[in-house]
Amino acid sequence: MANIILTGDRPTGRLHIGHYVGSLRRRVELQNSGLFDRIYIMIADAQALTDNADNPQKVRENILEVALDYLSAGLDPDKVCIFIQSQVSELTELTFFYNNLVTIQRLQRNPTVKSEIQMRGFNADEEADNKAGIPVGFFCYPISQAADITAFKANVVPAGEDQKPMVEQTREIVRKFNSTYGPVLVEPEILLPDSHACQRLPGTDGKAKMSKSLGNCIYLSDSAEEVAAKVKGMFTDPNHLQVSDPGNVEVNTVFTYLDAFCRDEHFEKFASCFVGRKSSFTFHNLDEAKAQYRAGGLGDMMLKNFLTAILNDTLEPIRQRRKELEKNIPYVYEVLRKGSEQACQTAAQTLKEVKAAMKINYFDQGVLDELIAAQTAKYNG
Ligand code: ATP
Ligand code: MG
């Protein structure tokens, strides 16, 4: 079986560091690993419209932003196919057929859809308190995601933890389809980041998942000053009032970010962050810093300066590449146009197989002759 990846992002804003640790960083590694036959990266504009139907301009503009972020982060169009979801109309057709294989009750149980409905303020009882109801397209987007994954026969979906229920839903659809119509589709596996922090990076507010829709993000394209200001405003342990107080590293967003971004060599590279007027420390790894924080004496400012240094060190090459790419917008659109063309070809082939399995390929070569022969025999003996 071929090794194929499908993954993507909604063009609802620029990409943030949650995307980077949750998916993007891994994608670049996988692209360069040589282990995959094909890699498809989708900009999910049709999905973005399911909860942004009244704001098509936002979605349109963010397609370019996401594409710029991809290329700046190191995705290489010679190795991966980057495409725009809405340009592959086969995906809509597949969704329509898969709709028959899923119940409303099953969709209602999807925990990610549930929490996203809440986050967006959609209400099941729209008349009760004057809130917007749940758009059907939004409610059904796990089915359209199954179409996206299966159209490319992807067996691996690198994504953050919130996508687990989506991939599970896809697996169910594949099993149902294959057992009803024949073995056409491939059952995918989610590929989660290794560490808990990377699977669901919290927002700078420390509360929910970092998410474009919540305005709690550090963006890949933020300037060094913006990153510093956002880190400065982050919550740490609310009970760590005095530097000398023992601190908690578990419910502490700064440490969660350090878990996601910090490598041992950063302690040598940014040792100066831990040299202060009143106290100085030498750490070799994050465990040592955590132990000191727990014991007391290590201040939040030192930690925040260290985190800022690491983030800016990680983001600087991405920012530089973005600046170059921003000078060549036609190139970026050409990448998307070519990728979308290529994606259409693959999806069309899968759709053809799906239609044949579902016996709705009446006019395919050879099929019509058989149909005519059978129906003629039925009516004319
Ligand atoms: P939106 O608010 O519009 O849903 P988003 O920020 O949640 O945007 P998506 O485009 O929905 O981003 O997600 C794209 C990919 O990034 C998915 O694989 C998702 O799991 C991953 N991802 C998004 N946010 C995070 C996060 N905070 N931590 C880890 N992975 C994330
Ligand atoms: Mg999301």
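Taking every full run of DSSP H in the chain, the ones that stretch at least 18 Å from end to end by Cα along their long axis and average -0.5 or higher on the Kyte-Doolittle scale are 56-73, 300-325, 329-357, 367-380.
Between K176 and M119, full extension at 0.36 nm per residue minus the direct alpha carbon distance yields a gain of 17.4 nm. Taking R0 as 22 Å, what's the FRET efficiency between N285 and D245 from their Cβ-Cβ distance, rounded to 0.05? Approximately 0.45, to the nearest 0.05. Pairs exceeding a 31 Å alpha-carbon distance, out of K114/K359; K58/K209; K114/K338: K114/K359; K114/K338. Taking the number of Cβ atoms within 10 Å of each Cβ as an exposure proxy, the fewest-first ranking of T350, T103 is T103, T350.
In this rough spin-label picture, where each label sits 7 Å from Cα along the Cβ direction, the L368-E324 distance is 5.3 nm.
Cross-link reach is defined here as a Cα-Cα straight distance under 16 Å, omitting same-chain residues fewer than 8 places apart; for K176 the aspartates and glutamates meeting it are E168, E187, E353. Sparsely packed loop sites in region 292-379 (the trypsin sites (Lys or Arg not before Pro) outside DSSP H, G, I, E and B with at most 15 other Cβ atoms within 10 Å) comprise K327, K359.
Site-free segments of the chain were taken between GluC sites (Glu not before Pro) in DSSP loops having at most 10 other Cβ atoms within 10 Å, sites themselves excluded; the longest one is 251-381. Taking only the Cα atoms of region 224-324, the radius of gyration and Dmax are 13.7, 46 Å.
Read-outs throughout are calculated quantities, based only on the coordinates presented, and are distinct from any laboratory measurement. The structure presented is a predicted model; accordingly, all values stated were derived computationally and were not measured. So basically every Cβ, Gly included, is an ideal-geometry build from the backbone, and we count neighbours across all protein chains shown.
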